[in-house]
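A short worksheet on the structure shown next.
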Amino acid sequence: MALEYIIYTDESDKTGKYFSNFYGGILIRSSDLQDVIQRLENAKIQLHLHREVKWQNVTQNYLEKYRSLIDRFFDEVEADRVKVRIMFTQNQFIPIGLSSEQRRAEYHMLYYQFVKHAFGLRYSGHRSQHIGVRLYMDQLPTNREQNAQFKAFLVGLNQNAHFRAAGIRFHDNQIAEVDSREHVLLQCLDIVLGSMAFRLNDKHKEKPAGRRRRSKRTIAKDRLYKHIYARICRLYPRFNIGESTGTQGDRSNLWRHRYRHWKFVPKRHRRDPTRTKRKK
């Protein structure tokens, strides 16, 4: 059976206090897909997690179960059966020179850049064979016409010289919106992506109005984030979640790395230092 790459994508906070436009993705080879799904589904059953797991459902009562599931997920990442990518923008970098049409299309433009570059597909190293890419996106918040145009742009990547040289090909009938309730991989991605948006935007410090202490839910989310961060640091010690992950001078690490972050900075931008955590 021909090798395929299956990519699941999701998005989180469109607008945050310091960071916005969160996009997440996981990539898995077709040869690993069913085994990984089965292991994660079995883990959910063993943990009595019978409903959809997602970041917004994290509570103190479910914290240990979510930790255990995330451990199973990161076991797959450590074994390089699953690759994880997270992209976001930082509010201090404000794009300039965009047309009104480009501003309206910002969501899909960023999504396109994420799919095109985040996994380093051009460096995946299988130039001698054709590799199809299946893309499963959590349901998009835009209308049908916009989504159809976006999918057409993704299929247009087949004309990219680097993708053609690497044998990478997107098939229009394999680009689909899916329901995360039916995909355990998307559920695990939602937890990781949500935890990064939570921490980068200092939501772990939030307190209910009129209260001196954080809520139990916020504390539970903070503890889950710290557990996720510890698992990332087992792969890459002292990982900086707020910056783009380096390549150590080798661009092929865009593909090789099992977990990466990408702080997307527009080529043309102005900087507003008042929109950072450390105001100058």
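Assorted remarks:
- Considering residues of region 20-49 that are more than 19 Å from residue 133 (Cα to Cα) and among the basic types (Lys, Arg) only, the residue surrounded by the fewest Cβ atoms within 10 Å (Cβ to Cβ): 39
- Here the condition is being of a type in the set (Val, Ile, Thr) and over 23 Å from residue 11 (Cβ atoms); of 175, 168, 191, 219, it holds for 219 alone.
- Among the numbered conditions (1) part of a helix (DSSP H, G or I); (2) under 23 Å from residue 40 (Cβ atoms), the only one that residue 157 does not meet is (2).
- In the set 79, 105, only one residue is small (Gly, Ala, Ser) and buried (at least 16 other Cβ atoms within 10 Å of the Cβ); that residue is 105.
- Residue check for residue 140: closer than 14 Å to residue 10 by Cα and either of a type in the set (S, T, N, Q) or out of contact with any helix residue (DSSP H, G or I) (no Cβ under 6 Å at 6 or more places or on another chain) (or both): no
Okay, residues lined up against (1) surrounded by 20 or more Cβ atoms within 10 Å (Cβ to Cβ); (2) more than 30 Å from residue 70 (Cα to Cα); (3) over 21 Å from the mean Cα position of the chain (by Cα):
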position: 151; (1), (2), (3): no, yes, no
position: 165; (1), (2), (3): no, yes, yes
position: 170; (1), (2), (3): yes, no, no
position: 181; (1), (2), (3): no, no, no
position: 192; (1), (2), (3): yes, no, no
position: 195; (1), (2), (3): yes, no, no
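- Selection within region 127-145 - touching a Leu at 6+ places or on another chain (Cβ under 8 Å) and over 21 Å from residue 117 (Cβ atoms): 129
- Test result for residue 226, charged (D, E, K, R) and over 26 Å from residue 63 (Cα atoms): no
- Residue match in region 120-130 (condition: buried (at least 16 other Cβ atoms within 10 Å of the Cβ), under 26 Å from residue 229 (Cβ atoms), modelled with pLDDT of 95 or more and in contact with a strand residue (DSSP E or B) (Cβ under 9 Å, 6 or more places away or on another chain)): yes
- For the criterion of being within 25 Å of residue 27 (Cα to Cα), out of contact with any Asp or Glu (no Cβ under 7 Å at 6 or more places or on another chain) and surrounded by 14 or more Cβ atoms within 10 Å (Cβ to Cβ), residue 224 passes.
- The residues listed here are 23, 8; of these, the one that is farther than 26 Å from residue 202 by Cβ and not polar (S, T, N, Q) is 8.
- Region 116-149 - residue that is assigned to a helix (DSSP H, G or I) and among the hydrophobic types (A, V, I, L, M, F, W, C) and, of those, farthest from the chain's Cα centre (by Cα): 148
The values are calculated or read from the model by the stated rules, or taken from the named source; none is laboratory data. Nothing here was measured: the structure is a model prediction, and the numbers come from that model. Here Cβ is always computed from backbone atoms with ideal geometry, including for glycine, and neighbour counts include all displayed protein chains.
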